[in-house]
Amino acid sequence: MTDSTQKKITDAEWEVMRVVWTNGKATSREIISVLQEKMDWKQATVKTLIGRLVDKGLLATEPIGNKFIYSATVSEQESVGGATEDLLAHVCTKKVGSTIAELIGRATLSHADVALLEKVIAAKKRTAVDEVKCMCTPGQCNCKQTGCVHKEESPDGK
């Protein structure tokens, strides 16, 4: 993972990045147009967010005449991967499976998405372990206090 993916992207900044990722490159006017329609944000708000992303090194600027063209220095896939790692780092390792199941349960998925998940799960079955070891510091979960073994619940809670 690159240094730029280590930098946190706020929810508002994600909206700007999504516009740039979609278009490959964009002017501030193009970004503002999309986000005024979607989020009802003012021009100054969007320009502030663009500036923060440039300062973080997540957007590159290319001057053309009297305007700048913005492009992402990190891919959407890298950023989503980093956000996923951040989320899972906040969960007891014994609860990662149920957390992923909850995410899948909440998502609207296409048949192609479900087929992809089935393929990933089939591959994961070959390397699955009988029990996941808790990596939490004592006091962050009940595992080390009670010696419990989390049994992953099914998405329907059973």
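Details
- Scoring residue 145 on the criteria (1) of a type outside the set (D, E, K, R); (2) modelled with pLDDT under 95; (3) over 27 Å from residue 9 (Cα atoms); (4) open to solvent by less than 70 Å² (accessible area, probe 1.4 Å) leaves a single failure, condition (4).
- Within segment 32-71, being in a loop (DSSP other than H, G, I, E, B), without any contact (Cβ under 8 Å) to a residue 40 or more places away in the chain and among the charged types (D, E, K, R) holds for 40, 42.
- Among the residues making up segment 77-118, a single one is surrounded by 12 or more Cβ atoms within 10 Å (Cβ to Cβ), among the hydroxyl-bearing types (Ser, Thr, Tyr), without any contact (Cβ under 8 Å) to a residue 60 or more places away in the chain and under 22 Å from residue 14 (Cα atoms): 84.
- Single match in 33, 4 (criterion: surrounded by 14 or more Cβ atoms within 10 Å (Cβ to Cβ) and either in contact with a strand residue (DSSP E or B) (Cβ under 7 Å, 6 or more places away or on another chain) or modelled with pLDDT under 95 (or both)): 4
- Check on residue 56, within 16 Å of residue 77 (Cα to Cα), touching a Lys or Arg at 6+ places or on another chain (Cβ under 6 Å) and either open to solvent by 30 Å² or more (accessible area, probe 1.4 Å) or of a type in the set (A, V, I, L, M) (or both): no
- Residue in segment 69-76 that is open to solvent by less than 70 Å² (accessible area, probe 1.4 Å), over 20 Å from the mean Cα position of the chain (by Cα) and not hydrophobic (A, V, I, L, M, F, W, C) present: yes
- Number of the exception - residue 124 against (1) at pLDDT 95 or above; (2) open to solvent by less than 100 Å² (accessible area, probe 1.4 Å); (3) part of a helix (DSSP H, G or I): (2)
- Only one of 16, 91, 20 that is β-branched (Val, Ile, Thr) and in a loop (DSSP other than H, G, I, E, B): 91
- Test: residue in segment 43-52 that is open to solvent by less than 70 Å² (accessible area, probe 1.4 Å) and within 20 Å of the chain's Cα centre (by Cα): yes
The values are calculated or read from the model by the stated rules, or taken from the named source; none is laboratory data. These numbers were taken from a predicted model, which means no experiment stands behind them. Cβ coordinates were reconstructed from backbone atoms using ideal geometry, including for glycine residues, and neighbour counts include every protein chain displayed. When the accessible area is computed, the model is the full protein with side chains, heavy atoms only, and any ligands, DNA or RNA have been set aside. Shrake-Rupley method; radii C 1.70, N 1.55, O 1.52, S 1.80 Å.
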